[in-house]
Structure formats: structure tokens, C-alpha cells
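> I'd like to ask you about the structure that follows.
The values are calculated or read from the model by the stated rules, or taken from the named source; none is laboratory data. Keep in mind the model is a prediction, meaning the values are calculated, not measured. Heads up, the Cβs are rebuilt from the backbone with ideal geometry, glycines too, and the neighbour counts pull from every protein chain shown.
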Amino acid sequence: MAPDPARLRPREILRFWLPLAATWLMMSVEGPYLAAVIARLPAPEPNLAAFGVSFSVALILEAPVIMLMAAATALVRDRASLASVRRFSLGLSWLVTGAAVVAVLPPVYRVLADRVLDLPPGVARLTHPALVWLLPWPGVIGYRRFYQGVLIRSGQTRRVGYGTGVRLVVMAATAQAGFHLGAGGATVGASALTAGVLAEAVACRWMVAPSVARLRSGPPGPTPGPSQIAIARFYGPLALSAVLTLAIHPMATFFLARAREPVLSMAVFPVVRALVFVFSCLGLSYQEVIIALLGDRWQGRPALARFGTWLGLGAAGGLAAVALTPASRVWFEGVSGLTPELARMALVPTALLVPVPALTVSLSFLRALHVQARRTRPITAATVAEVAVIGAGLWVGIAGLDGVGVVVAAAAILAGRVCSNLVLLAHGGRVPPPAPAR
């Protein structure tokens, strides 16, 4: 069971949070691992490109279900709410799966590949079978994230981490099998991702069974479960925020291609973002912890705020220890494989992004308060503001000031994250005590 919010201690918060942080860190390994496997198969360049395109399309299709874990953590409290939120989650998962099926239909895919994405013919040919392999991905992610939210609400965060461990093992085994069979690189990557999430979903459903049984055998709750319309009103802004967040990377890439030193900037930008994400994911994983431990009357808020302060300082300090010391050369040249020239180019944007992990912890805390208060529209407003500030910063810095692309992008991302925090802070004083969704 989850700790008592009124008597939270730092040790209990740490024990609750660590498995979720480990889950995010393990997931961050997937992309680099599969890229390394594909790079060692025949025709690595077009296959890497096709895998990147297919994965990006799958992420866009997945976006509407990303926040189901937060929704389940906040809303599932008894038998009635379990049934209502489960029905909504499964319906949404089937919907995104249907959208994925439509996307791979040959006539639709030809429009997507030729007119929307403007893919080279060779890359388009390799991308289609990879997308077919990824068909189950969005729906299975939604199914899994719902049950992960139930696990978190039940205090079983270690089981969330165990499920991700299963996912990584199955993903790696599938990738190695495809490698030794000599399959195409993009197909190997896509099939490994799908096998991993399917295994994780099965493991998660098995591990959540005792928690589900307890909820189903308990009383229905003081109120009926939230209606599907009420859940949709609550969840819609969360889904929209996830979709808008995904727009940041392609928008930045669009501007980088038109910046000064575009090739170098586009080569450095993903490496810098990957390093920053390693430390930022510590804050991203804290959101569900706050939702689960805050308490109906927010009794856990002081303890969670203190822990979050130290977590943000530690995450930003860890990034600074890499970005602002000789360790940066070890990371960028030794681990990431950048040339000395590119490694030097990465220093300034990474230094600019040092505060981002702390700002991410703050953003997770503020979002969690609004989720618990059943007021999710300010979260969308904050995301819109963040995307708008990043877009404006990129346009001014690149089109107006002719700045180096990757440096301008880093400054814009920092400004956007500050802005999203300020928007939620502006709404923070008006957040009412949480009330059951009806």
C-alpha cells in the first residue's frame, strides 16, 4: 500500500519514487541500443532513417494515451472508478490502434510518405513494413499505462520497474534474434520494440492482478464511478498537452535545417537532448509519485515539495557535473562518439540547459497539483505557452539574429520550460481542494 500522506518521510518518498525513475532511465536506453544494432546490419543509413521515421509516426499515434498512467493514478480509487477508467482507457487504446491501421493502408501511406513526409523512395519502402510491425504499439502502450497507474495508486511502484525490465530483456533478445537472422534493420528495430511492449503489458497485467482483485472485491465507493464524459473532459487537456509536446522536436529540426551551420547543429542537437533527458526523466518520473502521495486534502504537499526541491537541485547538479567539467569530453567524445569539433560545439547548448532538470521537477509538481484538483486545462495552457515560446525563440534567434542553430534551440527550450512553469504558477493559487470526478 502507498504511504500515509499525512506522515510522509523522505525515505518513504524515495522508496516509492526510485522504481519509477529506474523505469524512465531504462526506457531511455532503448533508442541508442536499437540504433547500434541497426547500424551493424546491411544498408545502415536508409534503415536507420526508416526506423527513425516509423518510430516518430508511432510516437505521434501514441501521444493520446501517454497520460493514461497519470489519469489512472489520480482517478482509480475503488471498484466503480476502476471500471469507468478501464472502459475509457481500453476505448482510447482501440481508437489509436485503429488510427495506426489506417496509417499503414497503402493509399494512405503513399500520401503520408510522399506528400506529408516527402521521404526518399528507398526510405519510404523500408518504413512501411516497420510501421506494420509497430501496429500494436500505441494500443498496447495505452493498455499498459492504465494498469501501471493502478499499480502506482496501490503503492506497487517496484512492479512497474520489474515490467520495464521484462520489456528491455525481450526487446534486446528480439533485436539480437533479428540481427543473427539477417533481417532488415528497420524491421528488426520495430519488431523488437513491439515485442518488448507486448511482454511488458502481459507482465504488468499479471502483477496488477492482486490490486485489481482488491478493488473489485471492495465497496463501490461513496459516489458512482466518473462518467465517460467526465473522464474525457478531465483527460482531453492531458492528451492535447502530450501531442503538443511531441511537436517540439520536429519544430526544432525544421528551424535547425535553416540555421547557420545546419548540418553540425542537427548532428549535435539529438546528442545534447539525450544527455539532458537522462537527468530530466528523474523529474518526469516524479509526477505520478506526487499524484499518488499527495492525499485527498493535500496532506503530503509539504513533504513532497521538500523532496522535490532536493531532487531538482540534484538532477540539475548532475547535469552540471557533466556539462561544466572535463567529464563533458568523456561523454560527448567517448560515450556519444562525437568528433572533437562537434563535442566542443555541444558545450554551450548543454550549459544553457543545465537548469532544465530542476524546472522539469517543478513542472511535474505543479502538473500533479492540477491533476489532483481535476483541473487539467491549465496544463494544456502551459504546454501551449511552452511550444509558442520555443517556436518564437527559434524564429527570432535563427531567422532574425542568424544564430548558431543548436545554441538558439537550447536557449529557446530553456525559455519555454520557464514559461510553462510560470503559467502553472499563475494558476496555482486558484487550484481548489480536489473533489471526486462525477
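> Within the range 323-350, which residues are of a type in the set (Asp, Glu) and surrounded by 12 or more Cβ atoms within 10 Å (Cβ to Cβ)?
333
> Mind checking whether some residue in the range 2-11 is in a helix (DSSP H, G or I) and at pLDDT 85 or above?
yes
> Sort out for me the helices (runs of 4 or more DSSP H) sitting completely within the range 63-150 that have 1 or more residues that are more than 21 Å from the chain's Cα centre (by Cα).
79-104, 106-111, 121-133
> Report the residue count in the range 247-288 for those that are charged (D, E, K, R) and surrounded by fewer than 20 Cβ atoms within 10 Å (Cβ to Cβ).
Summing the residues that are charged (D, E, K, R) and surrounded by fewer than 20 Cβ atoms within 10 Å (Cβ to Cβ) in the range 247-288 gives 3.
> Also, I was wondering about something else. From the list 179, 255, pick out the single residue that is assigned by TED's automatic domain parsing to the domain that holds residue 377 and assigned to a helix (DSSP H, G or I).
When all the criteria are applied, what remains is 255.
> Further question on the same structure: Taking the condition small (Gly, Ala, Ser), touching a Leu at 6+ places or on another chain (Cβ under 6 Å), modelled with pLDDT under 90 and more than 30 Å from residue 250 (Cβ to Cβ), does residue 295 pass?
no
> Here are 46, 32: which of them is in contact (Cβ under 8 Å) with a residue 40 or more places away in the chain and under 21 Å from the mean Cα position of the chain (by Cα)?
Checking each option against the conditions leaves just 32.
> Please indicate, with yes or no, whether at least one residue in the range 353-365 is of a type outside the set (A, V, I, L, M, F, W, C), more than 30 Å from residue 263 (Cβ to Cβ) and either in a helix (DSSP H, G or I) or under 22 Å from the mean Cα position of the chain (by Cα) (or both).
Yes: one or more hits.
> If you check residue 293 against the conditions, is it closer than 29 Å to residue 374 by Cα, of a type in the set (A, V, I, L, M) and surrounded by 20 or more Cβ atoms within 10 Å (Cβ to Cβ)?
So residue 293 passes the test.
> Would you confirm whether or not the range 377-390 contains a residue that is polar (S, T, N, Q) and surrounded by fewer than 24 Cβ atoms within 10 Å (Cβ to Cβ)?
Yes: one or more hits.
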